[in-house]
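Every number here is computed from the coordinates shown, using simple stated rules; none is lab data. Everything numeric in this text was worked out from a predicted model, so none of it was measured. All Cβ positions, glycine included, derive from the backbone under ideal geometry; neighbour counts span all protein chains shown.
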């Protein structure tokens, strides 16, 4: 019952253009995610609960800070940021998909030396 009310409210806000659907999350139109949330004692999130935009932001930031990072190291760094001690299949699959999407969008570039930020970003 509560979930139905939330779903109806979200659909109404979407129709009115007050929010937009971004992957598995909702946001304000035109808002750019500036930071990703780290886990707290009261709130540790599973990979499916972390919005795509947050995961991709962390991946881009790690590559920006250490150009030439190899994919396995990148995945471990991102997992550590979100408090995941090991790369289970679900985490590895989600983060690998995020890296692939960033490469396809030309936000990251693959090279022999590892992953690099796109030249124009």
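Can you give the FRET efficiency for residue 86 and residue 11, using 1/(1 + (r/R0)^6), R0 = 30 Å, r = Cβ-Cβ distance, to the nearest 0.05? Result of the calculation: an efficiency of 0.20.
Considering only Cα atoms, the convex hull volume of region 33-117 works out to 88 Å³ per residue. Sorting 64-70, 52-58 by average packing, meaning the other beta carbons within 10 Å per residue, from highest down gives 52-58, 64-70.
Label sites at residue 101 and residue 28, each approximated as a point 7 angstrom past Cα along Cα to Cβ, lie 2.3 nm apart.
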